[in-house]
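Novice: The structure follows.
Derivation of every value follows stated rules applied to the coordinates shown; laboratory data play no part. Because the structure is predicted, anything quoted here is derived from the model rather than measured. When we count neighbours, we look across all protein chains shown, and the Cβ atoms used for this are built from the backbone with ideal geometry, even at glycine.
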């Protein structure tokens, strides 16, 4: 059963309403906004804009994990994210570091990041111990394969059952390694080794993932949305992204990771007003 709070570094976050995580990619090649926020001043300006739009958390990433993304060295990833983490370390919202590498985690944790968002679910050697030694929360994500191979004919017997089994095993490993359940999030990994059909099956049954831990859902501007709308350009998938975020929240997501903070905030405000009225009736 999902918890009502998340212990994340400096913060204890209430999950009584869905939270919005703003995406800040400091990469040259991310699928939607690569190259726009590489410099610390540009990253800071984008962070401040997302906070003004209503972001509850900020997620900083220095390695693109889009399909067929080239490998980046640990040092290059560290060199990309550390100046931005330094610039944002005193911001009044949780700062998340999107990385799958233990060395990068340790560098970010030394600067006080509040959450590790790991597409590899702490599988890297030493990752569990690194997070356990901190106060940070962690998001454990499912993927099949690597960014270089994950979209080469992904196959499952039962995608929902297999994703849940994997996330349950990784949550168990994290807790056995000293990370409290109150610090855990899970993410089914939309687009990470899944067909369009797999992704929508996971969205429809997202509540089953939420029985393990609070769910972080990242659907923003992804190709699964373009596949049904016909929008080939990620930046033209804003409406579909907002719809997907709403559906994720309706199906149990605690946090939605988005590029379009203001639009998502407005849509969630309408949805929450309707829910409040329904409860009052």
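Novice: Mind checking Rg over Rh on the range 91-131, alpha carbons, Kirkwood formula for Rh?
Specialist: Using only Cα positions, Rg/Rh for the range 91-131 is 0.96.
Novice: Here's something else I'd like to know. What area, in nm² and to one decimal, does the C-alpha convex hull of the range 136-275 cast on average over all directions?
Specialist: 9.1 nm²
Novice: List the relative contact order of the chain as a percent without decimals, with contacts defined as Cα pairs under 8 Å and 6+ residues apart.
Specialist: After rounding, I find 20 percent.
Novice: If you build the convex hull over the alpha carbons only and average its shadow over all orientations, what do you get for the chain? Give it in nm² to one decimal.
Specialist: Projected over every direction and averaged, the Cα hull of the chain covers 13.6 nm².
Novice: Send over the per residue convex hull volume for the range 187-265, Cα only, as a whole number of Å³.
Specialist: Looking at the range 187-265, the number lands at 77 Å³ per residue.
Novice: Moving on. State the extension gain, in nm to one decimal, for the chain segment bounded by residue 52 and residue 175, taking 0.36 nm per residue of separation less the distance between their alpha-carbons.
Specialist: 40.7 nm
Novice: Computed on alpha carbon atoms, what radius of gyration and Dmax characterise the range 86-165, expressed in Å?
Specialist: Answer for the range 86-165, Rg first and Dmax second: 14.7, 46 Å.
Novice: Then there's this: In deg cm²/dmol and to the nearest 500, what is the mean residue ellipticity at 222 nm of the chain if only DSSP H runs of at least 4 residues count, each as -39500 (n - 2.57), divided by the residue total?
Specialist: Theoretical 222 nm ellipticity from helices: -12500 deg cm²/dmol.
Novice: May I pose another question? Sort 102, 264, 277, 5 so that the residue with the fewest other Cβ atoms within 10 Å of its own Cβ comes first and the one with the most comes last.
Specialist: 277, 5, 102, 264
Novice: Something else now. Stretched out fully, how many nm does the piece from residue 157 to residue 79 gain, at 0.36 nm a residue minus the Cα gap?
Specialist: Here the answer is 24.0 nm.
Novice: A follow-up question, please. Express in % the proportion of alpha carbon pairs of the range 49-92 at distances exceeding 15 Å.
Specialist: Counting pairs separated by more than 15 Å, the tail of P(r) holds 54 percent.
Novice: Counting other C-beta atoms within 10 Å, which of 101, 237 has the fewest, and how do the rest follow?
Specialist: So the ranking, lowest neighbour count to highest, is 101, 237.
Novice: Going by how many other Cβ atoms sit within 10 Å of their own, how do 12, 159 line up, fewest first?
Specialist: Fewest-to-most ranking of 12, 159: 12, 159.
Novice: Still on this structure, please answer the following. Which order do the peptides 111-121, 72-82, 206-216 come out in when sorted by mean C-beta neighbours inside 10 angstrom, highest first?
Specialist: Per-residue Cβ counts within 10 Å, averaged per peptide and sorted highest first, yield 111-121, 206-216, 72-82.
Novice: Follow-up question, since we're still on this one. Would you please calculate the Kirkwood hydrodynamic radius of the range 152-219 over all C-alpha pairs and express it in Å, rounded to one decimal?
Specialist: About 12.4 Å for the range 152-219.
Novice: Measuring from a point 7 Å past the Cα of residue 279 along Cα-to-C-beta, which residues in the range 219-257 have an amide N at less than 13 Å?
Specialist: Within reach of a label on residue 279, which here means backbone N under 13 Å from a point 7 Å along Cα→Cβ, the range 219-257 contributes nothing.
Novice: Could I ask something else about it? Run the numbers on the range 192-281 and let me know its relative contact order in percent, using alpha-carbon pairs under 8 Å that are six or more apart.
Specialist: The value is 31 percent.
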